[in-house]
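One structure is given below, encoded as structure tokens.
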């Protein structure tokens, strides 16, 4: 049996908050309990928002909290070629297409559709599924956009084709209770429609990069927030399409604000740096989160 490998994989587009602290502490604790390894991965696809200053401050916060990891740390921005190869593998099987309809055009189409009293399907996060482009753009417009090298586009996974190619139901192993064996969970990638795998100006997406990174780093246990539970369906599909191993998953509770909402990096009152500046100690943070 391979050695367990866990990871904490933040996107450094803002300061770490209490939710990040909980996830980092839980992953580090489980890695220790399992006699495994603990990694930190920098998910900095968005190089404009994910600055070196924020990355440095993130590690300062983790060190202050008492969380250490192996070196070197993988940064997604240094591995765009690997994601491009995976994307090319999917394109070679005819599963990826260029989508040209803009967000504004999609929004207008759905608004008109729903004015008739019908509801347009939405993904588990509440976003509307991408409509058939021929319902939004004329054949002439699509041909013109396809011929224009400067036209913006998204590379989307053809969900119907992908599911037909797999031809079987997908499942993943979920540790609902960390003290009990994993249970099988059925994946429902169809609920997400034609997900974005890359854009013209962004060579990969979260969905594509996370499954590839987990495989390349030998991650055996993906422990992350409950808000990503449904995204696991997409990840299981991509793992099957790319021939990647499937880790065991655990989707932990979310740390909520006083109004019961998920913490956000824009809420400075919950950032570790702000709490530290207010005089809160690292042991107090750990005790607050249940890691005394």
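No lab work stands behind these numbers, since they all come straight from the coordinates. In this text, all values refer to a predicted model and were calculated from it rather than measured experimentally. Glycine also receives a Cβ, built like all others from the backbone with ideal geometry; neighbour counts cover every protein chain displayed.
In the chain, the DSSP beta bridges split such that about 55 percent are antiparallel, to the nearest 5. Considering only C-alpha atoms, what is the centroid distance from segment 210-260 to segment 80-159, in Å? Centre-to-centre (Cα) distance: 24 Å. Projecting label points 7 angstrom from Cα along Cα→Cβ for residue 174 and residue 98 puts them 3.9 nm apart. Axis angle, to the nearest 10 degrees, between helix 206-216 and the longest C-alpha principal axis of the chain: 60 degrees. Can you classify segment 1-158 as rounded, prolate or oblate using the Cα gyration tensor, where a ≥ b ≥ c are the square roots of its eigenvalues, rounded means a/c under 1.5, and otherwise it's prolate if a/b beats b/c and oblate if not? Judged from the Cα gyration tensor, segment 1-158 comes out prolate (a/c at least 1.5, a/b above b/c). Relative to the longest principal axis of the Cα atoms of the chain, the long axis of helix 80-92 lies at roughly 40 degrees. Extension gain for residue 148 to residue 48 (0.36 nm times residue separation, less C-alpha to C-alpha distance): 33.4 nm.
Within the listed set 98, 273, 261, the residue fluctuating most in the Gaussian network model of the chain (springs between alpha-carbon atoms under 10 angstrom) is 261.
For the options 247, 132, 189, a Gaussian network treatment of the chain with springs between C-alpha atoms closer than 10 Å singles out 132 as fluctuating the most.
For the chain, the longest principal axis of the Cα atoms and the long axis of helix 52-65 meet at an angle of about 40 degrees.
With the helix formula -39500 (n - 2.57) applied to DSSP H stretches of n ≥ 4, the chain reaches a computed 222 nm mean residue ellipticity of -11000 deg cm²/dmol.
Using a Förster distance of 35 angstrom, determine the FRET efficiency expected from the C-beta separation of residue 135 and residue 68, and round it to 0.05. Calculated value: 0.10.
Here the label points at residue 2 and residue 75, each 7 Å from Cα along the C-beta direction, are separated by 2.6 nm in the simple model.
The fewest-to-most ranking of 159, 288 by surrounding Cβ atoms within 10 Å reads 288, 159. Potential lengthening of the chain between residue 55 and residue 111 amounts to 16.2 nm, from the contour at 0.36 nm per residue minus the alpha-carbon distance.
Measuring nothing but how far apart in sequence close Cα pairs (under 8 Å, 6+ apart) lie, relative to its length, the chain scores a relative contact order of 23 percent.
Take every Cα pair under 8 Å whose residues are at least 6 apart in sequence, average their separation, divide by the length of segment 139-292, and the relative contact order is 21 percent.
Extension gain, residue 163 to residue 82, is 26.8 nm, computed as 0.36 nm per intervening residue step minus the present C-alpha separation.
Extending 7 Å from the Cα toward the beta-carbon at both residue 182 and residue 122 defines two label points whose distance is 3.2 nm.
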